[in-house]
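**Q** Provided herewith is a single structure, encoded as structure tokens, for subsequent inquiry.
Just so it is clear, none of the values below were taken in a lab; they were calculated from the coordinates. Small disclaimer: the values here were computed from a predicted structure and weren't measured. When we count neighbours, we look across all protein chains shown, and the Cβ atoms used for this are built from the backbone with ideal geometry, even at glycine.
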Amino acid sequence: MSAIQALLALQTDDLAIHDLEMRLAALEPRIRDLDAKRQRIVDAIERQSGVVSAEEKKQAFLRDKIQEHRGLIDRNQAQLDAVKTMRQATAAAAQMEQARRIVAGEESDLLALNRKLEELRGSLNAAKADLTACEAEQAAARTEVAAERATLEGELATATAKRATTAAAVPDDLRRRYDRIRTKKRVHVVVALNALACGACDTAIPMQRRHAMMTGSVIELCEVCGVLMYHQV
Ligand SMILES: [Zn+2]
């Protein structure tokens, strides 16, 4: 096998590896989409839990206040029972009336708060059900992506092992030139001449280099686009 043939075989292996790497990378957005969709529900649950516990704190506070004000009514009642004069009776009754109005107001606030909490807990539970449904729905997709990844990783391991063998057949200096030029974005760097011009950028080969290249044993760097050019014999 000539050096050029060995180099072309190496490039073929590298193109196959590149293709597998691209297909592996293409799995990432699929996982990201699944994660993002799930995370939106998790965030909603967290937000709603926060609202529910804030309202629960208000509820506990209101209950304490109602209890405290009921105690006040009881004390007012005791005072009313103990009054001796009409004036004292009128004052005690007015105090009592005021305390009752306060408690009535607080109780109606508590009722409204209880109803609100019930609704909030309802949406929190709905969000939790959404999460369960989302996870069940995504399970198949995640399994599928994981299986595709395992297959591609297996193929990549095989292709990489094959490449090591192929690379060993390429003369060291040529392989080093090739490896220097090749990048993640630029994988096709060994190009056949196309009618005495670079097969990649179409720049004509200088007259003085043509003869050597036409023998089919010389590989030249294109000074315009940087690929390795050879003449297909
Ligand atoms: Zn070129």
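**Q** What is the set of long-range amide H partners of VAL191 at a cut-off below 5 Å, with H atoms built 1.01 Å from backbone N?
**A** Here LEU228, MET229, TYR230 satisfy the definition.
**Q** Quick one: Karplus J couplings for the stretch 181-195, per residue in order, coefficients 6.51, -1.76, 1.60, θ = phi - 60°, nearest Hz, x for Gly and Pro?
**A** Once rounded to whole Hz, the list reads 6, 6, 9, 4, 8, 10, 9, 9, 10, 9, 10, 6, 5, 10, 6.
**Q** Right, next: Could you please state, rounded to a whole Å, how far the C-alpha centre of the stretch 26-94 is from the C-alpha centre of the stretch 119-182?
**A** The stretch 26-94 and the stretch 119-182 have Cα centres separated by 50 Å.
**Q** Continuing with the same structure: Taking R0 as 45 Å, what FRET efficiency do you get between ALA36 and LEU196 from their Cβ-Cβ distance, rounded to the nearest 0.05?
**A** Values: r = 53 Å, r/R0 = 1.18.
E between ALA36 and LEU196, to the nearest 0.05, is 0.25.
**Q** Next up: Over 5 Å intervals from 0, what percent of Cα-Cα pairs in the chain sits in each interval?
**A** 1, 5, 9, 8, 7, 6, 5, 5, 5, 5, 4, 4, 4, 4, 4, 3, 3, 3, 3, 3, 2, 2, 2, 1, 1, 0, 0
**Q** Between MET1 and GLU28, 0.36 nm times their residue separation minus their Cα-Cα distance comes to what?
**A** Numbers: separation 27, 0.36 × 27 = 9.72 nm, distance 3.97 nm.
Stretched fully, the MET1-GLU28 segment lengthens by 5.7 nm.
**Q** Can you list residues from other chains, or at least 5 along the same chain, whose modelled amide H is less than 5 Å from the amide H of VAL218?
**A** It is HIS231, by chain and number.
**Q** How far apart, in nm, are the 7 Å Cα→Cβ label points at ALA140 and GLU46?
**A** It is 3.0 nm.
**Q** Extension gain THR165-ALA82, at 0.36 nm per residue separation less the Cα-Cα distance, in nm?
**A** Details: separation 83, 0.36 × 83 = 29.88 nm, distance 10.77 nm.
That pair, THR165 and ALA82, stretches by 19.1 nm at full extension.
**Q** Might you report the magnitude of the Cβ-based charge dipole of the stretch 20-168 about its Cα centre, with Lys and Arg at +1 and Asp and Glu at -1, to the nearest 20 debye?
**A** Working: 25 positive and 25 negative charges, 88 e Å.
For the stretch 20-168, the charge dipole is close to 420 debye.
**Q** Tell me, what is the percent relative contact order of the stretch 1-111, built from C-alpha pairs under 8 Å that lie six or more residues apart? All intermediate terms of the calculation are to be shown ahead of the outcome.
**A** Details: 27 pairs, mean separation 26.7, N = 111.
Once divided by the residue count of the stretch 1-111, the mean separation gives 24 percent.
**Q** A follow-up question, please. Counting pairs on different chains as well as pairs 8 or more places apart, how many Lys pairs in the chain have Cα atoms under 15 Å apart? Show your work: numbers first, answer last.
**A** Numbers: LYS37/LYS128; LYS57/LYS65; LYS57/LYS116; LYS58/LYS116.
Taking the Cα cut-off of 15 Å, the pair count is 4.
**Q** Per DSSP helix of 4 or more residues, -39500 (n - 2.57); summed, then divided by the residues of the chain. What does that give at 222 nm, rounded to the nearest 500? Write down the numbers at each step before the final one.
**A** Numbers: 4 runs with 181 residues, N = 233.
Computed ellipticity for the chain at 222 nm equals -29000 deg cm²/dmol.
**Q** Return the sequence-ordered ³J(HN,Hα) values of the stretch 90-100 in whole Hz as given by the Karplus equation 6.51 cos²θ - 1.76 cosθ + 1.60 applied to θ = phi - 60°, using x for Gly and Pro.
**A** Values, residue by residue: 4, 5, 5, 5, 5, 4, 4, 4, 5, 4, 5 Hz.
**Q** What residues from the stretch 94-124 fall in the zone where the backbone N is under 16 Å from a label point 7 Å along the Cα-to-C-beta line of GLU68?
**A** 99-100, 102-107, 110
**Q** Once amide H atoms are placed 1.01 Å from N in the peptide plane, what residues at a sequence separation of 5 or more from ALA197, or on another chain, have their amide H within under 5 Å of its amide H?
**A** Close amide H contacts, sequence-distant or interchain: ILE205.
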